[in-house]
1. Would you list the helices (runs of 4 or more DSSP H) that sit entirely within the stretch 1-83 and hold 3 or more residues that are modelled with pLDDT under 90, basic (Lys, Arg) and surrounded by 13 or more Cβ atoms within 10 Å (Cβ to Cβ)?
2. At least 3 residues that are modelled with pLDDT of 90 or more and on the phi < 0 side of the Ramachandran plot in each: list the helices (runs of 4 or more DSSP H) lying fully within the stretch 171-255 that qualify.
3. Return the pair list, or none, for Cβ contacts closer than 7 Å from residues in the stretch 82-110 that are touching a residue at least 12 places away in the same chain (Cβ under 8 Å) to residues that are of a type in the set (Phe, Trp, Tyr) and in a helix (DSSP H, G or I), at least 6 apart or on different chains.
4. Just checking, which of Lys127, Lys99 is among the basic types (Lys, Arg), at pLDDT below 90 and surrounded by 12 or more Cβ atoms within 10 Å (Cβ to Cβ)?
5. Output the residue which, of all residues in the stretch 216-246 that are closer than 14 Å to Ile122 by Cβ and exposed (fewer than 15 other Cβ atoms within 10 Å of the Cβ), is nearest to the chain's Cα centre (by Cα).
6. Kindly list, by first and then second residue, each pair from a residue in the stretch 229-244 that is under 16 Å from Asp115 (Cβ atoms) and among the hydrophobic types (A, V, I, L, M, F, W, C) to a residue that is outside any helix (DSSP H, G or I) and modelled with pLDDT under 95, limited to pairs with Cβ atoms under 6 Å and residues at least 6 apart or on different chains.
Amino acid sequence: MKEEVLDKGNFRVLVAQTYGKLVTYKKQDNQEDFNKALLEILPEVKKYVASRLKAAVVRGELNSDMFSPGDFTDQLFIELYDHIDEIENEKELVPFLYKKVDELLDDSLTEEQFDSVFFDNIDKYSKPEWDAMEEDFSTDGDGDLMMVDELDDISYPKNNYTLDHVFVTNEEKELAEKLDKSLDKERIDRHIDFVLHKMALPMRTIFQLYNDQGFTAEEIAHIKKVSSEEVSELLKRARKILKDSFNKRFLIDSN
C-alpha cells in the first residue's frame, strides 16, 4: 500500500499536530502511542533516506540488498523518545529527525566523491552520450534499488524538480523560459536528478533538503553541522552546475 504523499504545507501542519501528541505521550510514559504518532511523519524522512541509498547504489558503493530505509528510520523511535524533552517546539522536530538519520547514514555509508571526470568533460558530451548516461543512471539506480522490498511499500521519492529550482534570479528567467518551451516537466526532472547524483554528497543533500523538504539554510546548517554560509555556497554551486548542464545539453547547437 502506498503512503499518502503530502505537500510541504500539509506536512508542516501534520508535524505541529504530531509534536503535541509526542510531548503528551512522553509525559504519560506511553511509548506505544508515542511510536504510533511518530509513524505519521516518518514517510517524508524515509523518502530522504531512500534517496541517499539510491545514490550509493548508483555509484556502486552499496549493494541493493544491504540496507533498506527502515534500517535507519526504525532507530529514530528510540532516539526521539529519549530526546523529545530537548526539542523546544514543533519547528525543531523535523530538523532533529533529519539530523539524527543523517548521522546514522553517515556512519554506515562511505562519503561519495565529486565526479570530476563527468564535470570536466561536460562541454564535450554529445546528445547520444548524454542520453546513454542518463539511461544507465535510471536503469541502475531505480532498477536495483527497487529490489529492496520496503521501497515497494512507500511512495518512492519522485523529486518533482522544475526549472524554478535551478534558475532563481530574474536574469536567469529568460534562459528558463527558452528551456521550458522545448522540454517537458518529466524531462527536466530526470535531468536534474541525474546531474545531482554526479555531485558530491554534501552539495547534493543540501540541494535536496532545501528544495525537496523545504528547509531553510539555517535549518540545513543545523542538520548537516556546518555554517549557514557554507550551506548557501554549496546551494549556489549546485545551481550553477545544473544551469551549466542544461546549457551544454539542451541549448548548445553542437549537442
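1. It comes to 42-58.
2. Values: elements: 173-182, 185-196, 201-211, 217-224, 228-246.
The qualifying helices (runs of 4 or more DSSP H) are 185-196, 201-211, 217-224, 228-246.
3. Listed by first residue and then by second, the contacts come to Ile87/Phe96; Glu90/Tyr19; Leu93/Tyr19; Tyr98/Tyr48; Val101/Phe72; Leu104/Phe72; Leu105/Phe72.
4. Only one candidate qualifies: Lys127.
5. Lys240
6. Leu242/Val166
The values are calculated or read from the model by the stated rules, or taken from the named source; none is laboratory data. A quick note: this is a predicted structure, and the numbers were derived from the prediction, not measured. No Cβ is skipped: glycine too gets one built from the backbone with ideal geometry, and neighbour counts run over all protein chains shown.
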